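For reference, the structure discussed in these notes is given below.
Every number in this text was worked out from the coordinates using simple rules, so none of it is lab data. Keep in mind that this is a model prediction, so the values were computed, not measured. Cβ coordinates were reconstructed from backbone atoms using ideal geometry, including for glycine residues, and neighbour counts include every protein chain displayed.
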Amino acid sequence: MNRNNLEKYIIDRNQVKIMFTNSILTLSVLTSEIIRVFQDRGCNNNSYAIEENKTEETSFEVKK
């Protein structure tokens, strides 16, 4: 059985890196309404729905 269990998470400023057994998911809190979700799948290009940098200082809390 292939398991991809949650191992830990790290908060670094506006990013939350969620480490699973077989992958890493990065959540970037851009504003109180916009969260970018990224998972590296080994591709050379990234697709972004947000054209320009709209990052603003945002307070957030991670709950398990």
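Tabulated data
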{"item": "Sites T31 and N4 - FRET efficiency at Förster radius 35 Å, r taken between beta-carbons, to 0.05", "result": "0.75"}
{"item": "Ascending count of other beta-carbon atoms within 10 Å, so fewest first, for L27, L6", "result": "L6, L27"}
{"item": "E57 paired with I24, simple spin-label distance in nm, labels 7 Å along Cα-to-beta-carbon", "result": "2.7"}
